[in-house]
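Participant: Below is one structure. I have some questions about it.
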Amino acid sequence: MSDDSPMSAFRQVPRTGVIFVTTEATRLGFSPKDPDWCNLGQGQPETGELPGAPQRIHQIAIDVDDQEYAPVPGLMELRVAIAALYNRLYRQGKKSQYGPDNVSVSGGGRAALTRAAAALGHINLGHFLPDYTAYEELLDIFKAFTPIPILLEGERGYAFSPEDLRKEILGRGLSALLLSNPCNPTGKAVQGEELEKWVAASRELDCALLVDEFYSHYLWSTPPGRLPVESAARYVEDVNRDPIVIFDGLTKNWRYPGWRVTWTVGPKQVIDAVASAGSFLDGGGNKPAQRAAIPLLEEAHVVAETNAIHRVFREKRDRLLAGLMKLGVRADRVPDGTFYVWGNVGHLPPPLNDGMGFFREALKKKVIVVPGEFFDVNPGKRRAARGSRFRQYVRFSFGPSMQSLQAALERLEAMVAGAMKAG
């Protein structure tokens, strides 16, 4: 057996898109601390100081009892603060309010999603194409449910109406639907009246919506005067009856990805189930970080941080869109949310007209991007390998600083010019 051969008891586990591209870049000398690299493939926002944002936390005090395990559902004080956050942002004046029994805390977004997947029964679970790369293994590893793909069309701007939702639920016999909203990678956001109708359909047809809202504070088209945030929680009638399960955390919306503090919000019965799953899957999250997270959920902090994100990232979004358009990269949809642009490179000269080819050539310029085929979620590779519909797409992140973004665009411009000259 060669050194790089797996032991017979273990299978080859594929890497998610971001891990794949950073691993490939590392082979060429990439380091996150090397300022000469521009990582437009990163799935995290810049984590430093932003104008108008609260001061960043650089130290955490550890209480004596923080040396012990945290409760699997999370610290009660944090669960109370999370419930209060949702009631304050989305449920003012509503009779039904979230409480700590509607919240479970976990150690990262994938942990939260894994707990939920482990708690699902023998059902049909719908998921969209394209969507978050990590869903692929998540939807394959648990065998209780059957994943059902739903293709969204770029020609329609990845739109999916409430009527479309009803047809899919009834026609495919869906008992649950997993989605990122806003969508990673397309930036399509379901919000306002449209989201209200989605929640109503979920309630009426008893189809659980499992809504990944990790980018819900990165919205670029919200009503004037409203904090630029959105959540399915706004349209829930009864927090313990409506089958709405929400995932969020400090990762993106508070710009603390390294803390690995995330949460699930939903009906008490669901929270009991995901907490039970956590007891054998992960055992609970980081106790000191959970305690330190509580002040970050106070109203003044949330408002200041969200408004700062909106100002800074909106400018980066517009700069990246303009730069990519100049290169000949087309966006099926200007992103409503997230910090990504989903670009079609099919009109560029070869080898740049293929997502993987674009990625390989960009690495030579010390620029990292993510090929679109990674977002063609295909659990268990059940669909025939005829080539991905998203082979000519690339996800570009404006998570990095404006300086890094500018440098990347200059290098990509030179790369495209060189390919055109060679062609």
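The values are calculated or read from the model by the stated rules, or taken from the named source; none is laboratory data. In this text the structure is predicted, and so the values were computed from the model without any measurement. Please note: Cβ atoms are built from the backbone with ideal geometry, for glycine as well, and neighbour counts cover all protein chains shown.
Participant: For residue 49, are the conditions met, namely being part of a loop (DSSP other than H, G, I, E, B), at pLDDT 90 or above and of a type in the set (Asp, Glu)? Walk me through how you get there before you give the answer.
Facilitator: Values: part of a loop (DSSP other than H, G, I, E, B): yes; at pLDDT 90 or above: yes; of a type in the set (Asp, Glu): yes.
So residue 49 fits the description; yes.
To keep it simple, each residue is scored yes or no on (1) of a type in the set (A, V, I, L, M); (2) surrounded by 24 or more Cβ atoms within 10 Å (Cβ to Cβ); (3) at pLDDT 95 or above; (4) assigned by TED's automatic domain parsing to the domain that holds residue 410.
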residue: 334; (1), (2), (3), (4): yes, no, yes, yes
residue: 343; (1), (2), (3), (4): no, yes, yes, yes
residue: 352; (1), (2), (3), (4): yes, yes, yes, yes
residue: 355; (1), (2), (3), (4): no, yes, yes, yes
residue: 364; (1), (2), (3), (4): no, no, yes, yes
residue: 385; (1), (2), (3), (4): yes, no, no, yes
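Participant: Between residues in region 32-56 that are under 15 Å from residue 400 (Cβ atoms) and aromatic (Phe, Trp, Tyr) and residues that are at pLDDT 95 or above and buried (at least 18 other Cβ atoms within 10 Å of the Cβ), which pairs lie under 6 Å by C-beta distance while being six or more apart or on different chains?
Facilitator: Short answer, once both residue conditions are applied: 37/30; 37/366.
Participant: Which of the residues that make up region 382-423 are among the hydroxyl-bearing types (Ser, Thr, Tyr) and under 28 Å from residue 257 (Cα atoms)?
Facilitator: The initial filter retains those residues of region 382-423 that are among the hydroxyl-bearing types (Ser, Thr, Tyr), namely 388, 393, 397, 401, 404.
Residues satisfying the conditions are 393, 397, 401, 404.
Participant: Only one of 323, 343, 283 is touching a helix residue (DSSP H, G or I) at 6+ places or on another chain (Cβ under 6 Å) and either assigned to a loop (DSSP other than H, G, I, E, B) or free of Cβ contacts under 8 Å to residues at least 60 places away in the same chain (or both). Can you tell me which? First the steps, then the outcome.
Facilitator: Numbers: 323 fails: either assigned to a loop (DSSP other than H, G, I, E, B) or free of Cβ contacts under 8 Å to residues at least 60 places away in the same chain (or both); 283 fails: touching a helix residue (DSSP H, G or I) at 6+ places or on another chain (Cβ under 6 Å).
Of 323, 343, 283, the one residue that is touching a helix residue (DSSP H, G or I) at 6+ places or on another chain (Cβ under 6 Å) and either assigned to a loop (DSSP other than H, G, I, E, B) or free of Cβ contacts under 8 Å to residues at least 60 places away in the same chain (or both) is 343.
Participant: Right, something else. Output yes when any residue across region 388-400 is part of a helix (DSSP H, G or I) and not assigned by TED's automatic domain parsing to the domain that holds residue 125, and no when none is.
Facilitator: Initially, region 388-400 is screened for residues part of a helix (DSSP H, G or I), giving none.
No: region 388-400 contains no residue that is part of a helix (DSSP H, G or I) and not assigned by TED's automatic domain parsing to the domain that holds residue 125.
Yes/no matrix, rows are residues, columns are (1) touching a strand residue (DSSP E or B) at 6+ places or on another chain (Cβ under 9 Å); (2) more than 23 Å from residue 281 (Cβ to Cβ); (3) in contact (Cβ under 8 Å) with a residue 40 or more places away in the chain; (4) assigned to a strand (DSSP E or B):
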{"position": "89", "(1), (2), (3), (4)": "no, yes, yes, no"}
{"position": "98", "(1), (2), (3), (4)": "yes, yes, yes, no"}
{"position": "105", "(1), (2), (3), (4)": "yes, no, yes, yes"}
{"position": "122", "(1), (2), (3), (4)": "yes, no, no, no"}
{"position": "143", "(1), (2), (3), (4)": "no, no, no, no"}
{"position": "150", "(1), (2), (3), (4)": "yes, yes, no, yes"}
{"position": "163", "(1), (2), (3), (4)": "no, yes, no, no"}
{"position": "176", "(1), (2), (3), (4)": "yes, no, yes, yes"}
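Participant: Here's something else I'd like to know. Hey, among 194, 237, 230, which residue is part of a helix (DSSP H, G or I) and either in the same structural domain as residue 121 (by TED's automatic domain parsing) or on the phi > 0 side of the Ramachandran plot (or both)? Working first, answer last.
Facilitator: Details: 237 fails: part of a helix (DSSP H, G or I); 230 fails: part of a helix (DSSP H, G or I).
None of the others qualify; the one that does is 194.
Participant: Okay, next question. When residues of region 387-423 are filtered for being out of contact with any helix residue (DSSP H, G or I) (no Cβ under 7 Å at 6 or more places or on another chain), charged (D, E, K, R) and either crowded, with 20+ Cβ neighbours inside 10 Å or closer than 30 Å to residue 309 by Cβ (or both), how many remain?
Facilitator: Qualifying residue count for the region: 2.
Participant: Consider region 4-61. How many of its residues are under 18 Å from residue 134 (Cβ atoms) and among the acidic types (Asp, Glu)?
Facilitator: Residues in region 4-61 being under 18 Å from residue 134 (Cβ atoms) and among the acidic types (Asp, Glu): 1 in total.
Participant: Answer yes or no as to whether residue 72 is assigned by TED's automatic domain parsing to the domain that holds residue 206, under 30 Å from residue 287 (Cβ atoms), in a loop (DSSP other than H, G, I, E, B) and aliphatic (A, V, I, L, M). Before the answer, list the steps.
Facilitator: Values: assigned by TED's automatic domain parsing to the domain that holds residue 206: yes; under 30 Å from residue 287 (Cβ atoms): yes; in a loop (DSSP other than H, G, I, E, B): yes; aliphatic (A, V, I, L, M): yes.
Spelling it out, residue 72 is indeed assigned by TED's automatic domain parsing to the domain that holds residue 206, under 30 Å from residue 287 (Cβ atoms), in a loop (DSSP other than H, G, I, E, B) and aliphatic (A, V, I, L, M).
Participant: Sticking with this one: Just need a number here: residues in region 216-253 that are farther than 17 Å from residue 335 by Cα and surrounded by fewer than 17 Cβ atoms within 10 Å (Cβ to Cβ).
Facilitator: The number of residues fulfilling the criteria is 8.
Participant: Here are 26, 16: which of them is more than 15 Å from residue 404 (Cβ to Cβ), more than 21 Å from the chain's Cα centre (by Cα) and of a type in the set (S, T, N, Q)?
Facilitator: Working: 16 fails: more than 21 Å from the chain's Cα centre (by Cα).
Selected residue: 26, the only one of 26, 16 that is more than 15 Å from residue 404 (Cβ to Cβ), more than 21 Å from the chain's Cα centre (by Cα) and of a type in the set (S, T, N, Q).
Participant: I'd like the residue in region 202-215 that is hydrophobic (A, V, I, L, M, F, W, C) and buried (at least 17 other Cβ atoms within 10 Å of the Cβ) and, out of all such residues, is farthest from residue 90 (Cα to Cα). Quick ask: steps written out before the conclusion?
Facilitator: Within region 202-215, the first condition is being hydrophobic (A, V, I, L, M, F, W, C), and the residues that meet it are 205, 207-211, 214.
With the extra rule that they be buried (at least 17 other Cβ atoms within 10 Å of the Cβ), the set shrinks to 207-211, 214.
On the way: 207: 22, 208: 19, 209: 17, 210: 18, 211: 15, 214: 16 Å.
The qualifying residue farthest from residue 90 (Cα to Cα) is 207.
Participant: Residues being within 20 Å of residue 377 (Cα to Cα) and touching a residue at least 24 places away in the same chain (Cβ under 8 Å): count how many of those fall in region 13-31.
Facilitator: Selection size over region 13-31: 8.
Participant: Which of the residues belonging to region 401-423 are more than 16 Å from residue 45 (Cβ to Cβ) and not in a helix (DSSP H, G or I)?
Facilitator: Selection gives 423 alone.
Participant: Output the residues belonging to region 346-370 that are more than 16 Å from residue 408 (Cα to Cα) and touching a residue at least 40 places away in the same chain (Cβ under 8 Å). Break it down into steps so the answer makes sense when it comes.
Facilitator: Initial filter on region 346-370 (more than 16 Å from residue 408 (Cα to Cα)): 346-351, 353-357.
Answer for region 346-370, where residues must be more than 16 Å from residue 408 (Cα to Cα) and touching a residue at least 40 places away in the same chain (Cβ under 8 Å): 346, 348, 349, 350, 351.
Participant: Follow-up question, since we're still on this one. Does residue 92 meet the test of being within 20 Å of the chain's Cα centre (by Cα) and within 28 Å of residue 293 (Cβ to Cβ)? Can you show your working first?
Facilitator: Values: within 20 Å of the chain's Cα centre (by Cα): no; within 28 Å of residue 293 (Cβ to Cβ): yes.
For residue 92, the condition - within 20 Å of the chain's Cα centre (by Cα) and within 28 Å of residue 293 (Cβ to Cβ) - is not met.
Participant: Going by the structure shown, is residue 273 closer than 16 Å to residue 118 by Cα, assigned to a helix (DSSP H, G or I) and more than 22 Å from the chain's Cα centre (by Cα)? Steps first, please.
Facilitator: Numbers: closer than 16 Å to residue 118 by Cα: yes; assigned to a helix (DSSP H, G or I): yes; more than 22 Å from the chain's Cα centre (by Cα): yes.
When the stated conditions are applied, residue 273 passes them.
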